[in-house]
Amino acid sequence: MERMTASFCRAWAGVVCVVLLWAASPAAQQRATQHTWGERPPSPQTAHSRLFTHRAGMPAEPIEHVIIISVDGLMPESYLQPDAHGLKVPTLREIVRQGAYSEGALGVFPTVTYPSHTSMVTGVNPGTHGIVTNGPFAPLSNLPGAMRWYAEDIRMPTLWQAARAKGLKTAMVYWPVTVGARANAIVPEFWRQDPGTPEDVKLNFAISTPGLLEAVARRFPDFRAKFLPPRAQDEALTDIAVHVIENLQPNLLLLHIFDVDHWQHEDGPFAGRALAAVETADQQIARVIAAVKKAGTWDDTVLIIVSDHGHALTKQRVRPGVWLREKGLIALDDKNKITDWKAYVLPSSGSAYVYVKEKDDRETRQVLLDLFQQAVANSATSGIRKIFLHDQIVGMGGDPQAFLALEAAEGWAITGGARGDAIAPAVEAAEHGWPPDMPAMRTSLLLYGPGIGHGKIEGARLIDLAPTVARWLGLKLEKAEGKPLQVPLRDAHATQIPGKPAP
């Protein structure tokens, strides 16, 4: 570099000026965003990494790219004790050896997918961000199979909004509660019916970034066969992420894969097909790392592997809505359709919220208290282990609109509806949704990349994830309830010793 001729330097200066002027124009920025997904566009981050490559021993680049992979339902034992379960997970093993990891992060209440993922990207508890359960509030049971899909229902600022406000590139692949969200590339989690069909998938193509899924399908021949929401296989979702990383190089990428969760529900944790699902997830993480390296952005990338909850075995289920119907708190017509209600149970398997329709209905509240206190006294046969009063719910970060919350007994799951038997055999081998301090509900958390040091992350919570990412990318999340994690960093990333807060 020291021996460049003056003419060569002047030529380079001219090129740089032209590039800067072009990039500053609104038309150029629009073309850069609205590129054809079958082609890889020029990227300022890629150009930067190519022009300023670090030599061995030099400090790494500042963190400019963060990739969050949520492996739904992944339990910490998958990487803490893989040999105990005969797991072949070379990528997770490498991350534990070289990166930072938690022995079990604290989730949110209830420990289910949609509230948890929204807490990951807002840094607040469900009672604050508003996504308090997976399913919507529907006391008349008129929304069968619906989920809290829509980003407009999130009451707090999100990481992707903060990133876009700063002019960073964002991408979301099947992240919950993102229908209607704005990003440079987005494939929101949504389905019309279960099981899905090729006809239903047309809707997923329609609500995703135009041309993105078509480009992925052209590149990966098996994609359409493996992308049938709600059963979108991990490999298909990772196909999308790989394509986006290599073509867009987003500063923030959120990827949600969930085969582990699916098969743990079916077979139980670390049993049957769930074991193969964990190994498949490990392979998809490796694919993402390879894509980042191919894109030329690995030097300034942090990869976060996280899960939303654990799993616990279930043998029986309880339907408290039947008890409410028997107490006259739910009215049915001659077709067993709910026509009116005084109280409503919104279940999350390991727990449930209980609501009262009228704020001043003291009689109904007393009936509910007596009913569920008696259930707790007979938890072995009722399936209800504990009740939480309103102030306790708020203290747990739960829904402040709920009158009570119920916790299922060990081996039991709480289900919805007011018809049928109150007690019945479980329909799934394992469930989740219990309070986050239950050991089996602990969530996974690992961080990996050139700038991440080696060590354990103590005291991690899901609500700390967003503030950590915000600090690295220079984003504003002023209303976050969580705090930046104490992550060991290396080289230029570290202005502190391992175990101290990140700058």
Quiz item: Just a yes or no: is a residue in the stretch 210-232 buried (at least 17 other Cβ atoms within 10 Å of the Cβ), within 29 Å of V132 (Cα to Cα) and among the β-branched types (V, I, T)?
Solution: no
Quiz item: When you scan the stretch 467-489, how many residues do you find that are within 19 Å of the chain's Cα centre (by Cα), part of a loop (DSSP other than H, G, I, E, B) and over 17 Å from T170 (Cβ atoms)?
Solution: 6
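This table checks each residue for (1) crowded, with 24+ Cβ neighbours inside 10 Å; (2) touching an Asp or Glu at 6+ places or on another chain (Cβ under 6 Å); (3) closer than 27 Å to L275 by Cβ.
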| site | (1), (2), (3) |
| --- | --- |
| V66 | yes, no, no |
| G73 | yes, yes, yes |
| V112 | yes, no, yes |
| T128 | no, no, no |
| R148 | no, no, no |
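With the requirement that a residue be in a loop (DSSP other than H, G, I, E, B) and at pLDDT 95 or above, what does the stretch 140-155 give you? Can you show your working first?
Initially, the stretch 140-155 is screened for residues in a loop (DSSP other than H, G, I, E, B), giving 140-149, 154-155.
Across the stretch 140-155, the qualifying residues are M147, R148, W149, I154, R155.
Table: residues versus (1) assigned by TED's automatic domain parsing to the domain that holds D83; (2) surrounded by 24 or more Cβ atoms within 10 Å (Cβ to Cβ); (3) not hydroxyl-bearing (S, T, Y).
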residue: A277; (1), (2), (3): yes, yes, yes
residue: A281; (1), (2), (3): yes, yes, yes
residue: A291; (1), (2), (3): yes, no, yes
residue: E326; (1), (2), (3): no, no, yes
residue: I330; (1), (2), (3): no, yes, yes
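Mind checking which strands (runs of 3 or more DSSP E) fall wholly inside the stretch 363-431 and carry at least 2 residues that are modelled with pLDDT of 95 or more and of a type in the set (G, A, S)? Give the steps one after another, and end with the answer.
Numbers: elements: 384-388, 404-408, 411-414, 423-425.
In the stretch 363-431, the matching strands (runs of 3 or more DSSP E) lie at 404-408, 411-414.
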Quiz item: Among the residues of the stretch 342-363 satisfying the criterion of being buried (at least 20 other Cβ atoms within 10 Å of the Cβ) and not small (G, A, S), which is farthest from A408 (Cα to Cα)?
Solution: K342
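Being touching a Gly at 6+ places or on another chain (Cβ under 9 Å), within 24 Å of D437 (Cβ to Cβ) and not aliphatic (A, V, I, L, M) is the requirement here; does S116 meet it?
Details: touching a Gly at 6+ places or on another chain (Cβ under 9 Å): yes; within 24 Å of D437 (Cβ to Cβ): yes; not aliphatic (A, V, I, L, M): yes.
When the stated conditions are applied, S116 passes them.
The values are calculated or read from the model by the stated rules, or taken from the named source; none is laboratory data. Remember, predicted model here, so these are calculated numbers, not experimental data. Backbone-built Cβ (ideal geometry, glycine too); neighbour counts: all protein chains shown.
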